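The values are calculated or read from the model by the stated rules, or taken from the named source; none is laboratory data. Everything quoted here is computed from the prediction, not taken from an experiment. Neighbour counts are summed over all protein chains in view; Cβ atoms, including those assigned to glycine, are modelled from backbone coordinates with ideal geometry. SASA here: full protein model, heavy atoms, side chains in, ligands and nucleic acids out. Shrake-Rupley method; radii C 1.70, N 1.55, O 1.52, S 1.80 Å.
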Amino acid sequence: MDVLDDLLAGTRARGGVFNLTVLDPPWGLHIVDEAPLALATLVRGSAWIMRDSMDPVRMNERDVAVLCGPEPYVVADTPETEPQLRIHPGGICEPLPGAPVDYSARLGVRTYGGRPEGEAMVVSGTYQLEGDVSRRLLTALPPVLVVPAAEVTGPVMEMVLGEIQRDEPGQQSVLDRWLDLALITTLRAWFARPESHAPGWYQAQADPVVGLALRLLHEDPAHPWSVVELADRTGVSRASLARRFTALVGEAPMAYLTGWRITLAADLLRETNQTVESIARRVGYANAFALSVAFKRLRGTNPTAHRRASTAA
């Protein structure tokens, strides 16, 4: 398992909300769905994505956009077009002043707009993410990223139009898995682009030494790793591994491992009823006290307080 596998495994769509909106120029959508992560593509037409304090981002037909963070944004045919529809949490469409009277009409399953033959067709899906593993991925992404259609390989995006308009048993699960696959495909293409400024942990996976070390740490984070053992397993000296790992990833091997273990522990504390002692052993600590010391040092709070705050939230 590599780093991206681990992060994406913790970023799974569950009950994703989907919209297919069919519009004619001039058109604009004001998205206020508060989703921490959204994915959108244009089946027909082109658009601009606008977000506060950002320059407009161009999106052409079949390009894929990923939007991070719950802040509102606008998708429109031009940067100057005023939105006619507002999309609320749950995919609820609200016509805005000046919109054609039929612009929030239901055209079919998960489908809204003025007429089925409209010039622009926008598909969007949202994630409701929780947990520290998911946040670790989100912090590696810009507020808006767009990947050209030619770089999103395979038939993934071709599936969406037929699936989103179906209403069959198990359809939500089908759409959730499509959303996962589309996100993986898009992020892989994005991180390969020079302008993505991919995080160190992603770029380091291509290095034969550091990439192997990262895979070992992620495959078995509970193992009592040391720099000596990692160096032995990767075939280099201890000093060479430490220097190479720190240069590519941005932190030393044991510091990276500690951060990953605490991330896993934080999610287990939130998602399960396991004891702190049990969670400590699952993520590589000898006992609850050792986990608490590391947790407090990195998070400024202890595991029990973290669990209490997560439950309250």
Query raised in the report: Which whole-number percent gives the relative contact order of the chain, counting Cα pairs below 8 Å spaced six or more residues apart?
Result: 19
**Report entry** the chain: angle of helix 171-191 to the longest principal axis, Cα-based, in degrees nearest 10
**Finding:** 70
Requested in this report: Quick one: pull the percent of accessible area on the range 142-231 belonging to carbon and sulfur, 1.4 Å probe, ligands and nucleic acids left out.
Outcome: 58
Report task. Report the FRET efficiency, 1/(1 + (r/R0)^6), for Thr139 and Ile92, where r is their Cβ-Cβ distance and R0 is 45 Å, rounded to 0.05. Result -> 0.95
Query raised in the report: When the accessible area of the range 1-82 is split by element with a 1.4 Å probe, what percent falls to carbon and sulfur?
Result: 50
**Report entry** Extension reserve of the Ser278-Val32 stretch, reckoned as 0.36 nm per residue once the Cα distance is removed
**Finding:** 84.5 nm
Report summary line: In degrees, nearest 10, the alpha-carbon axis of helix 303-312 is tilted away from the dominant principal axis of the alpha carbons of the chain by 20
Report summary line: hull vol. (C-alpha, convex hull) per residue for the range 163-309, Å³ -> 166
Requested in this report: Quick one: among Gly125, Gly98, Gly211, which has the greatest mean-square fluctuation in a GNM of the chain with alpha-carbon springs under 10 angstrom?
Outcome: Gly98
Query raised in the report: Considering only the chain, what is the antiparallel percent among its DSSP beta bridges, to the nearest 5?
Result: 85
Query raised in the report: Could you give the dipole magnitude of the chain about its Cα centre, charging the beta-carbon of Lys and Arg +1 and that of Asp and Glu -1, in debye to the nearest 20?
Result: 1360
Requested in this report: Just grab the label-to-label distance for Ala222 and Thr301, each label 7 Å out from Cα along the Cβ direction, in nm (one decimal).
Outcome: 2.5
Requested in this report: Order these peptides, 143-149, 298-304, 62-68, by their mean beta-carbon neighbour count within 10 angstrom, highest first.
Outcome: 62-68, 143-149, 298-304
Query raised in the report: Roughly how many nanometres apart are two label points built 7 Å out from the Cα toward the Cβ at Ile184 and Ser237?
Result: 4.0
Query raised in the report: In what sequence, largest accessible area first, do Arg244, Arg281 appear using a 1.4 Å probe?
Result: Arg281, Arg244
Query raised in the report: Rounded to the nearest 500 deg cm²/dmol, what is the calculated helix-only ellipticity per residue at 222 nm for the chain, with -39500 (n - 2.57) per DSSP H run of length n ≥ 4?
Result: -11500 deg cm²/dmol
Query - Probe 1.4 Å, accessible area per residue of the chain, Å² - result: 46
Query raised in the report: Taking N as the number of residues in the chain, what value does Rg over Cα atoms divided by 2.2 N^0.38 Å take?
Result: 1.13
Query raised in the report: For Ser173 and Met254 in the same chain, what is the full-extension length gain: residue separation times 0.36 nm, less their Cα-Cα distance, in nm?
Result: 25.3 nm
Requested in this report: Sort largest first and round to whole Å: the equivalent ellipsoid semi-axes of the range 120-229, each the square root of five times a Cα gyration tensor eigenvalue.
Outcome: 32, 18, 13
Query raised in the report: Can you pull the semi-axes for the range 3-95, root of five times each eigenvalue of the Cα gyration tensor, sorted largest first, whole Å?
Result: 23, 15, 13
Query raised in the report: To the nearest 10 degrees, how steep is helix 288-299 against the longest Cα principal axis of the chain, on a 0 to 90 scale?
Result: 50
